[in-house]
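A.B. asks: Take a look at this one; I'll ask things after.
The values are calculated or read from the model by the stated rules, or taken from the named source; none is laboratory data. None of these values were measured; they are calculated from a predicted model. Backbone-built Cβ (ideal geometry, glycine too); neighbour counts: all protein chains shown. SASA here: full protein model, heavy atoms, side chains in, ligands and nucleic acids out. Shrake-Rupley method; radii C 1.70, N 1.55, O 1.52, S 1.80 Å.
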Amino acid sequence: QVQLVESGGGVVQAGGSLRLSCAASGTISSTNVMGWYRQAPGKQRELVASITSGGSTTYVDSVKGRFTISRDNANVYLQMNSLKPEDTAVYYCNFRSSYANSWGQGTQVTVSS
């Protein structure tokens, strides 16, 4: 079992920045992928960014150049710059390994125009 606790959401004006944090606890294997997903009202959940235990990263095209994912040990972060109203969503932390697929409770990010 892996438990995830997120923090750092909030309300920000367009062009502003936020930093999301996610702390994983439990049985953490050395090989895993941690990521951030988001779900806006009426839309499907989408992958925003992910990072492997080896440090390889992926980003959805809409956030490239604006968001940066990073990690240290069992913590993962999402630095979000130049935020846009379309980034408004509930952001979820995810942990995947050969034996686990865990989700955080979600944190709301609201970007006002």
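A.B. asks: Among the residues in segment 31-40, are any part of a strand (DSSP E or B) and small (Gly, Ala, Ser)?
C.D. replies: Yes, because at least one residue in segment 31-40 is part of a strand (DSSP E or B) and small (Gly, Ala, Ser).
A.B. asks: Exactly one of these conditions fails for SER30: (1) open to solvent by 70 Å² or more (accessible area, probe 1.4 Å); (2) touching a strand residue (DSSP E or B) at 6+ places or on another chain (Cβ under 7 Å); (3) under 19 Å from TYR99 (Cβ atoms). Give me its number.
C.D. replies: Among (1) open to solvent by 70 Å² or more (accessible area, probe 1.4 Å); (2) touching a strand residue (DSSP E or B) at 6+ places or on another chain (Cβ under 7 Å); (3) under 19 Å from TYR99 (Cβ atoms), the lone unmet condition for SER30 is (2).
A.B. asks: Still on this structure, please answer the following. Checking VAL48 against (1) β-branched (Val, Ile, Thr); (2) touching a Phe, Trp or Tyr at 6+ places or on another chain (Cβ under 7 Å); (3) over 13 Å from THR88 (Cα atoms), which test does it fail?
C.D. replies: (3)
A.B. asks: Another question, if that's okay. List the strands (runs of 3 or more DSSP E) that sit entirely inside segment 71-113 and contain at least 1 residues that are under 16 Å from SER25 (Cβ atoms).
C.D. replies: Numbers: elements: 75-80, 89-96, 101-103, 107-112.
In segment 71-113, the matching strands (runs of 3 or more DSSP E) lie at 75-80, 89-96, 101-103.
A.B. asks: If you don't mind, another one. Within segment 44-58, identify whether any single residue is closer than 14 Å to VAL2 by Cβ and under 14 Å from the mean Cα position of the chain (by Cα), and answer yes or no.
C.D. replies: Scanning segment 44-58 turns up no residue that is closer than 14 Å to VAL2 by Cβ and under 14 Å from the mean Cα position of the chain (by Cα).
A.B. asks: For segment 75-101, what are the residues that are buried (at least 21 other Cβ atoms within 10 Å of the Cβ) and of a type in the set (A, V, I, L, M, F, W, C)?
C.D. replies: VAL76, LEU78, MET80, LEU83, ALA89, CYS93, PHE95
A.B. asks: Moving on to the next point. Sort through THR107, THR58 and tell me the only one that's open to solvent by 40 Å² or more (accessible area, probe 1.4 Å) and out of contact with any Pro (no Cβ under 8 Å at 6 or more places or on another chain).
C.D. replies: THR58
A.B. asks: Related question: Given VAL11, VAL60, which one is free of Cβ contacts under 8 Å to residues at least 24 places away in the same chain and not basic (Lys, Arg)?
C.D. replies: Just a single option satisfies the conditions, and that option is VAL60.
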